[in-house]
Structures are given as structure tokens and as C-alpha cells.
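Inspection log for the structure reproduced underneath, given as C-alpha cells.
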Amino acid sequence: MKEVLIVDDEAGMRAALAANFQRRGWKVQSAGGVNEALSAFRQSPSRLVITDMRMADGDGWQVMEGVRQYLPETPVILLTAYGSVPDAVQAMRGGACDYIEKPVSFEELESAAERFLGEEESSTANSKCVEAIGEAASFRRVIEQARRAARSDADILIEAESGTGKEVLARLIHENSARRGGPFVAVNCSAFPENLLESELFGHVRGAFTGAQTAKAGKFELAQGGTLLLDEISEMPLNLQPKLLRVLQEREVDRLGDTKSLRVDVRIIATTNRSLPQMVKNGAFRADLFYRLHVVPLSIPPLRERREDILPLANYFLRKYEPADARGKYRIGSKLADQLRLYDWPGNVRELENTIRRELAFAVGTTLEGAGGILGFDLETSSSSEDLKPGTTLEEMERRLLESTLQATGGNRTRAAALMGVSLRTVRNKIREYGLAARVAS
């Protein structure tokens, strides 16, 4: 069922919009001001909010902020008779999904609404709002850079720690680009054995190798006209890097076993949680490939550097995973809120998401106050003064965290990876890098 809350202090406008939506089969709530709107939304949340910008008891910003605090994923459309380009930019940065100037035709408004809640497009459209959750200046700067970069067709390299949302940012770029009507195809370069990754990326013809019973299109071919995400590009084997470089330079793909090249029209977004310049220096990554990928570099700040975003994200995950029959009823208690803010989140947003899911699973009642021992860490003491001594390197802090996590899990690498919000392969690599293998169980 498509649901909308219409907020406008002009009774005639409110009634007209409500009648039009009801004729099209929408379930409609209406409110004549900010306070009435937020009260109605808390009692019975709608899937979409359309609000006037200027009203007697406040404005659309207040409606949007109240809605986002309660259910952050809810799309909000702002209506105003006082529109301007700067206002529109501010509205989109603030979290609005659309910004429409009055007088507005109902067809235009319905089209915008359908874009977010239409049966075939709802999950994609809603993600456009959800993906930009965060008010920290450093994070908003990255989102703004990503949206600007989306307007070009340049290849992009996203550098950030595990769990910060690199794929989410890549999807935002795709959805804000001229290629949004094309496919978004993702391939994790660490997820395939070396002998299969080449076929996965570039495809093969029948008989190209033992077991190739039929031809197979590669990821480049599947992403034709759209965007290809090369996740964890740092894990690509050295012997495949020259072939990838050729594709990036020539926009031509050679299927395994084929004698003809295939032209591809694809935008490349690569991600890495490792330092590619350091890998180039160590001979583990080709310099020419690095410079070819490093056209538009973007860096997502880790969650510990934008603590003001922790609770908004936690509330978003709370609404995402709470039981359907108690939607909007659960809340994060003050004790847990303090713990969440204090913790350093080595696994970043992914670890926070997993934490909220675990808290819901162990919840007694509808107020989450922290189910002790779920994380395997003491949240209140995770940021010890020892870890934060001036001069301690990030590598040393990472080694200590990995070592303590492995101790807490009895050496179980799979559980350690889940707790830290990283892949099992990353844990194995780090164990090898820091020489911890002899001290942990396999």
C-alpha cells in the first residue's frame, strides 16, 4: 500500500492534494502544521512525506528533521513558493529526496512520489535518501564530491576502511549519473580464486578451457552502458592487472579463447581498503594501473572521525530491522546510546549495523540498553588511554585490536572477522602481516 503524509497549513491545498492522491489509490494522512505532522507520523508512520516549506508554526525543515530522527529512511519531498537554486541544493544536502516549486501540477508531484515508492522502483529510490545519512562536515563533503563527480564519466577510486560504505557511495554515484538507466554491476576481486577471476571479469567462449561448456559474458559486458564496481581492487592478482589496464585504456575486452575484441561502454568505480601507493612501492600493485584508476579519488572518513553520525545511523538500522508488527516502537536507551558514541567502531558502519541487529535479537522489551557480552568487547573501555597515546601508529592500533579480538574469540578467525566487520580474507592477511599466526588457533 502506498502511503503519504501531506503537510500544509493551507486547508484548500492540503485537501486538493489529498483528494488527488486518494483517487490514485494512495492511503493519505494530512496535517496542518509541524507539530500536528510529527505527532501523526509517530502514531502511524507513512512511507512518504510531502511538506510545505513555510507554515504558521514552523517550516518544512523541522518536519524533515523530525521525520528523519524517527524513521531516517522515509523519503521527504519539500514544496515551496519561494524556491531558488541555493535552497534546492541545501534541501538535497539536508536529506530531502526532492524539492519542487509551487505552483506544482499534481502530475509532477505524483511522478516524484512514484519515483520513490513505485512498486518496481521503491527499493532503489529509497536508497537515494538512505545512502547519505550523516551530518558530519567531513562526510557531507564526500557526498557532495561524489554527486559532482557523478556528472562526469571519469573513473573513480574510493579509498576507505572496511565497513565505511564504499559500495553504498558507488551506488549513489551511479544513481546520480547519466548512466543510472543502465546496469550497476559489482564484482569483489577478493571473492574469486585467481584462475576464475579473469573469466568472471572478461568472460569466455565455449571451449576456452576445461569445463567451459558454454560461452559466458564477463562483468564488463554485463555492465554495458552502466557502471562496473571493482570492489577490493587491491586484491587483484598482478598477472591480471595488465589486462585490466588495457580495458581501461582502450575500452575493449578480450574474452578468454576469443579472437575478437568487444567494445564496452562502462564507467569504472574501484574501491580499496588498503594503501595502493604503498602497494605500488612494495611491488604488489602496478603503478600505471594505479594512476589510471586514480582519476577522481574519494575518501570516506571512518565512523570514529564522525561520531555525530553514530546515533542517526543506529536509529536507521533500528528501524530497518525492528519487528514489522512493532514498527516505530523500539528505541535506543541512554546507556546504550552513550556506549555507541564512545566506541571506536573498527568495523565502521557495517559493525554498527551488526551491533544493532544483535541488540534487537537480545532485547527485553522495546528499549535497547545494551545486552552485555554480545560484541565480545567492553564498549565502555574500548577507547583506552593506552591505545590513544600520542605517537601510536594506526598499524600498531590495528595489530592490538586484531590480537585482542582473536583472544576474545579463542582464535576463531571467522567470528573475529564478523565482530570487526571485515572479511575473513582480510583477517587472514592481517594475521600474516603482523605475524600473529603462531599465537592464534586456526
Quick one: check the C-alpha center-to-center distance for region 1-42 versus region 210-254, whole angstrom. 49 Å
Take each of the peptides 305-318, 45-58, average the number of other beta-carbon atoms within 10 Å over its residues, and list them starting from the highest. 45-58, 305-318
FRET efficiency (Ala19, Ala40; Cβ distance; R0 22 Å; to 0.05) is 0.75
Alpha carbon centroid spacing (whole Å) that separates region 143-186 from region 291-332: 17 Å
What does the charge add up to near Tyr330, with Lys and Arg as +1, Asp and Glu as -1, over the other residues with Cβ less than 14 Å from its Cβ? +4
Which net charge results when you count Lys and Arg as +1 and Asp and Glu as -1 among the other residues whose beta-carbon is under 11 Å from that of Leu71? +4
Per q in 0.19, 0.23, 0.28 Å⁻¹, report the Debye log10 I(q)/I(0) for region 316-375, using one uniform scatterer on each alpha carbon and no solvent. -0.65, -0.96, -1.38
Cross-link pairs beyond the 24 Å C-alpha cut-off, checked among Lys2/Lys320; Lys219/Lys243; Lys2/Lys329; Lys166/Lys260; Lys219/Lys260; Lys216/Lys430: Lys166/Lys260; Lys216/Lys430
Starting from the Cα of Gln278, step 7 Å toward the Cβ, then list every residue of region 228-271 with an amide N under 15 Å from that point. 234-235
So, how do all the Cα-to-Cα distances of region 137-299 break down into 5 Å bins, in percent, from 0 on up? 2, 9, 18, 22, 21, 15, 9, 4, 1, 1, 0
Scoring only Lys, Arg, Asp and Glu (+1, +1, -1, -1) among other residues with Cβ under 13 Å from the Cβ of Arg179 yields 0
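Coordinate-derived values only; no laboratory data. It should be emphasised that the depicted structure is a prediction, and the values quoted were computed from it without experimental measurement. Cβ sites come from the backbone with ideal geometry, for glycine too, and all protein chains shown count toward neighbours.
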